[in-house]
Amino acid sequence: WPLHAPEIDAIRDLKRARNAVVLAHNYQTPEIFHGVADIRGDSLALARQAVESDAEVLVVAGVHFMAETAKLVNPDRTVLIPDPHAGCSLAESITPEDVVALRAAHPGVPVVTYVNTSAAVKAECDICCTSGNAVRIVESLGVPRVIFIPDMFLAKHVARNTDVEIIPWHGACEVHERFTGDEIRTFRSRFPSLSVVAHPECPPDVLDAADHVGSTAQMIDYVRRERPERVFLVTECSMSDNVAAELPEVTFVKPCALCPHMKRITLPRIRHALETLSPRVELDPEIALRARAPVERMLAVT
Ligand code: 13P
Ligand code: SF4
């Protein structure tokens, strides 16, 4: 990436000095994603590659649950989150007590948690999943029924693609829940050759109106493979900027849908984290032990 801002050069120097890598989610802005990230991807790729990296310090350019997941699978390494207030409406929609109550209401039914939850919630669950492997994880359990938390739209999408009965929770992503099927139809009438690729956190009428549905990495793979003339990536809009930098021949229809939590991560905060080795992700050891198991179960399946 040909970007040489002083901040980017300073971060690159600090990474070398600290033996650190920056893991960036696909929703980070281009100067982070292309300028300073060493590992890029969707939630699943970040969780996997956090295990595989041999750096001493992991800087997570993403939201808090992603940094917690990196720490869960790397308990002995330093994991930094440049802004610890980078939350997520899905992670905030459910508490550990809610999961205990769900289990009591549905005795013996396993709990599958989308990775967008706190470590304390994961500690009460059986197995994790991401948007990229949710159906596979649900079916891997070999049971007729599962509790699926916390995203109600992802739960509905999974239910449509499996015979396993899905008992949902009522969480939603504050970014994806705002898209509508009418919006897709309006864009399609303006651009008849438009390709529409949607994230499964969107409502069902949006997914019905899309040509392809997948995790952020699967959405990017689709665009790389199909090279549509014009595409609408129905998700957080920084992702379109990142893919556009790679594929200048594709035109992106891009109504602005920023995740305010992802946007808390900035170059100055990444630099500050590397300079001070803080803020660190620290987990209660008892919770970490129980929360690691569902993440490791997921990584063993996929
Ligand atoms: P994925 O990148 O795993 O598809 O997740 C999207 C998301 O909203 C993360 O917060
Ligand atoms: Fe959470 Fe939605 Fe932001 Fe992803 S885009 S971090 S699911 S609020």
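A few remarks follow.
- Taken over the stretch 174-204, the criterion of being within 24 Å of Asn133 (Cβ to Cβ) and without any contact (Cβ under 8 Å) to a residue 40 or more places away in the chain is satisfied by Glu177, Ser195, Val196, Val197, Ala198.
- Residue among Glu226, Glu201 that alone is of a type outside the set (S, T, N, Q) and within 16 Å of the chain's Cα centre (by Cα): Glu201
- Among the residues listed as His85, His25, His4, His64, the single one being surrounded by fewer than 19 Cβ atoms within 10 Å (Cβ to Cβ) and modelled with pLDDT of 95 or more: His85
- Selection within the stretch 36-54 - at pLDDT 95 or above and not in a strand (DSSP E or B): Val36, Ala37, Asp38
Here's the yes/no breakdown for (1) in a loop (DSSP other than H, G, I, E, B); (2) within 16 Å of ligand 1 (Cβ to nearest atom):
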position: Lys71; (1), (2): no, no
position: Gly87; (1), (2): yes, yes
position: Glu92; (1), (2): no, yes
position: Asp98; (1), (2): no, no
position: Ala104; (1), (2): no, no
position: Asn116; (1), (2): yes, yes
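- Single condition Ala210 does not satisfy, out of (1) among the aliphatic types (A, V, I, L, M); (2) within 16 Å of ligand 1 (Cβ to nearest atom); (3) in contact (Cβ under 8 Å) with a residue 40 or more places away in the chain: (3)
Let's see how each residue does on (1) polar (S, T, N, Q); (2) within 16 Å of ligand 2 (Cβ to nearest atom):
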| site | (1), (2) |
| --- | --- |
| His34 | no, no |
| Glu56 | no, no |
| Asn74 | yes, no |
| Ala105 | no, no |
| Tyr114 | no, yes |
| Ser131 | yes, yes |
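- Residues of the stretch 224-239 satisfying the condition of being surrounded by 22 or more Cβ atoms within 10 Å (Cβ to Cβ) and either touching a strand residue (DSSP E or B) at 6+ places or on another chain (Cβ under 7 Å) or not in a helix (DSSP H, G or I) (or both): Val231, Phe232, Leu233, Val234, Thr235, Glu236, Met239
- With respect to (1) under 16 Å from the mean Cα position of the chain (by Cα); (2) surrounded by 14 or more Cβ atoms within 10 Å (Cβ to Cβ), the lone exception for Leu258 is condition (2).
- Checklist (1) buried (at least 21 other Cβ atoms within 10 Å of the Cβ); (2) in contact with a strand residue (DSSP E or B) (Cβ under 6 Å, 6 or more places away or on another chain) applied to Phe191, failing item: (1)
- The set of residues in the stretch 24-44 that are closer than 18 Å to Ala10 by Cα and not hydrophobic (A, V, I, L, M, F, W, C) comprises Thr29, Pro30, Glu31, His34, Gly35, Asp38.
- Looking only at the stretch 213-223, and only at residues there that are hydroxyl-bearing (Ser, Thr, Tyr) and touching a residue at least 40 places away in the same chain (Cβ under 8 Å), the one that is nearest to ligand 2 (Cβ to nearest atom): Thr216
The values are calculated or read from the model by the stated rules, or taken from the named source; none is laboratory data. Keep in mind it's a predicted model, so treat the numbers as computed, not measured. Cβ coordinates were reconstructed from backbone atoms using ideal geometry, including for glycine residues, and neighbour counts include every protein chain displayed.
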